[in-house]
Amino acid sequence: MEIRSRKEALAAGAKFYFTGKPCSKGHVCERYADGGDKGRCRQCAKERVKRALGRYRARHKAKIAADSAAHYQANKAERNAAAAAWRKANPERTRAFTAKWQEVNREEYRKIGREWGQNNKDKMRAQRARRRGSEGFHSEADVLEILKLQRGRCAMPSCRKKLGKYEVDHIVPINGGGSNWRQNIQLLCPRCNASKGARDPLDHSRMLGFLL
Ligand SMILES: [Zn+2]
Ligand SMILES: [Zn+2]
């Protein structure tokens, strides 16, 4: 930094001047040529602002926390979109982050997966069906409606047991080219569902007819 007086700095149109001498706090740095910040050096000015900010934050702690939480909520969609865009633009790093997170949080990850599966049985079935080359989607609401149409009973004609626990069955099995659309869904008691698996899929669906 060039050593010059305040007068010289002002004449040169500069914002700061530098005497090379320490301030009362021992900082050797520039000062405001226009006498700003009460003639403090830049370092002293910076520390003053920091102290003032600290005092302000201490006084308005609750309000700042509330504002920050509100801001966080209000910008949720935007934030998620930005994060999604970043993930799309950085697939490699996203995969690495995800893998790392899953590795570190293995138990948590399994738990989330289990809970998601419990709450999204329809999506799980669609995913399994897709993996086996079948298309279609039926919702949990569809399943409940089918349960009502079956009057709460097992769809197997020879059974018709009142359903407590029920299993979602594809009338024409996925392996036999059946879809995952609701027209191909029936609800069976666990016993009938287990015995159906052993039968020839086409015979079985012929025997049942399309109930719904
Ligand atoms: Zn200072
Ligand atoms: Zn049954």
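The values are calculated or read from the model by the stated rules, or taken from the named source; none is laboratory data. As the structure is a prediction and not an experimental result, all values here were calculated from the model. A quick note on method: Cβ atoms are made from the backbone with ideal geometry, for glycine too, and the neighbour counts reach across all protein chains shown.
Couple of notes before you dig in:
- Taking each residue of the stretch 96-117 that is over 28 Å from residue 139 (Cβ atoms) and looking for partners that are β-branched (Val, Ile, Thr) with beta-carbon atoms closer than 6 Å, six or more apart or interchain, yields nothing.
- Among the residues of the stretch 139-165, those identified as under 21 Å from residue 181 (Cβ atoms) and more than 13 Å from ligand 2 (Cβ to nearest atom) are 139, 140, 141, 142, 143, 144, 145, 146, 147, 148, 149.
- Residue match in the stretch 101-114 (condition: closer than 24 Å to residue 187 by Cβ and exposed (fewer than 11 other Cβ atoms within 10 Å of the Cβ)): yes
- Search result, residues across the stretch 162-183 that are exposed (fewer than 13 other Cβ atoms within 10 Å of the Cβ) and either at pLDDT below 95 or under 14 Å from residue 125 (Cβ atoms) (or both): 164, 165, 175, 177
- Whichever residue in the stretch 147-182 is under 32 Å from the mean Cα position of the chain (by Cα) and in a helix (DSSP H, G or I) and, among such residues, is nearest to residue 196 (Cα to Cα): 174
- Restricting attention to the stretch 19-42, the residues that are of a type in the set (Ser, Thr, Tyr) and within 49 Å of the chain's Cα centre (by Cα) add up to 1.
- Screening residue 137 against (1) without any contact (Cβ under 8 Å) to a residue 12 or more places away in the chain; (2) among the aromatic types (Phe, Trp, Tyr); (3) surrounded by 14 or more Cβ atoms within 10 Å (Cβ to Cβ) leaves a single unmet condition, (1).
- Some residue of the stretch 4-14 being of a type outside the set (A, V, I, L, M), surrounded by fewer than 12 Cβ atoms within 10 Å (Cβ to Cβ) and either part of a loop (DSSP other than H, G, I, E, B) or in contact with a Pro (Cβ under 7 Å, 6 or more places away or on another chain) (or both): yes
- Test: residue in the stretch 52-70 that is surrounded by 10 or more Cβ atoms within 10 Å (Cβ to Cβ), more than 37 Å from the chain's Cα centre (by Cα) and under 30 Å from residue 16 (Cβ atoms): yes
- Breaking point among (1) within 23 Å of residue 13 (Cβ to Cβ); (2) within 12 Å of ligand 1 (Cβ to nearest atom), for residue 28: (1)
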